[in-house]
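In what follows, a structure is listed as structure tokens, so that the remarks can point back to it.
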Amino acid sequence: MSALLDDTESCKAIKEACLRYLMRREHSQQELLQKVSAKGFVKQDIEQVIDELIDQGLQSDARFAESYARSRVHKGFGPLRIQAELQQRGVRHCPFDMAVEDIAGSWQELLEQVYIKKYGNETALDHKQKANRSRFLQQRGFPHELVHHLFKQLSL
């Protein structure tokens, strides 16, 4: 009987910890698992509680992906970087293009905004400057094709 009580108390404590994290912001399943595991709880118990939270609609990787992507788009990051960061957080195959559509219209428009904010409208560039700017935009997560199209459009 005391083992059952311990299990119930443990699950209650796990759920409270998960809910505290989820009240602050959306978290992926993997993030919750890592954070609550660090508190010394048993992984199997944590997974069970997370599954219950998912069933209750309190945790959603899709919601997390949208929220995270929206935040990163606001900071001027591109689709490749956002996708890689989501995968690091355990979220795969969640569409997040609607975040950029709401904020900038399209990835190309976001790329233009990021470029102009960083470099202005200067168009007289040598090869080295163009390469540095291209590298910066690609590190921000924009595909080479979009960067190439931007440079063509700006006649760089």
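When the stretch 16-46 is filtered for residues that are surrounded by fewer than 15 Cβ atoms within 10 Å (Cβ to Cβ) and acidic (D, E), only E16 remains. Condition first: assigned to a helix (DSSP H, G or I) and touching a helix residue (DSSP H, G or I) at 6+ places or on another chain (Cβ under 8 Å). Now tell me which residues in the stretch 81-106 satisfy that. Matches in the stretch 81-106: R81, I82, E85, L86, D97, M98, A99, V100, D102, I103. Between A69, A65, the distinction of being closer than 17 Å to L110 by Cβ and assigned to a helix (DSSP H, G or I) belongs to A69 only. Test E109 against the criterion of being of a type in the set (D, E), under 18 Å from the mean Cα position of the chain (by Cα), surrounded by 12 or more Cβ atoms within 10 Å (Cβ to Cβ) and over 30 Å from L33 (Cβ atoms), and give yes or no. Considered against the rule, which asks whether it is of a type in the set (D, E), under 18 Å from the mean Cα position of the chain (by Cα), surrounded by 12 or more Cβ atoms within 10 Å (Cβ to Cβ) and over 30 Å from L33 (Cβ atoms), E109 comes out as no. G76 falls short on exactly one of the conditions (1) under 23 Å from the mean Cα position of the chain (by Cα); (2) without any contact (Cβ under 8 Å) to a residue 40 or more places away in the chain, and that condition is (2). Residues of the stretch 40-59 that are at pLDDT 95 or above and either within 30 Å of A104 (Cβ to Cβ) or not in a helix (DSSP H, G or I) (or both): Q56, G57, L58, Q59. Going by the conditions given, is H27 within 17 Å of the chain's Cα centre (by Cα), at pLDDT 95 or above and over 22 Å from H149 (Cα atoms)? In short, yes.
Among the residues of the stretch 122-137, which ones are touching a residue at least 12 places away in the same chain (Cβ under 8 Å) and either over 15 Å from R81 (Cβ atoms) or among the polar types (S, T, N, Q) (or both)?
T123, L125, K130, R133, S134
Remark: L53 falls outside the filter, which requires a residue to be under 30 Å from L137 (Cβ atoms) and touching a residue at least 12 places away in the same chain (Cβ under 8 Å).
Within the stretch 47-67, if we keep just the residues that are in contact with a helix residue (DSSP H, G or I) (Cβ under 8 Å, 6 or more places away or on another chain) and over 14 Å from L32 (Cβ atoms), the residue that is surrounded by the most Cβ atoms within 10 Å (Cβ to Cβ) turns out to be A65.
The values are calculated or read from the model by the stated rules, or taken from the named source; none is laboratory data. Values in this document were obtained by computation on a predicted structure and should not be read as measured data. Every residue, glycine as well, gets a Cβ built from its backbone with ideal geometry; the counts of neighbours run over all protein chains shown.
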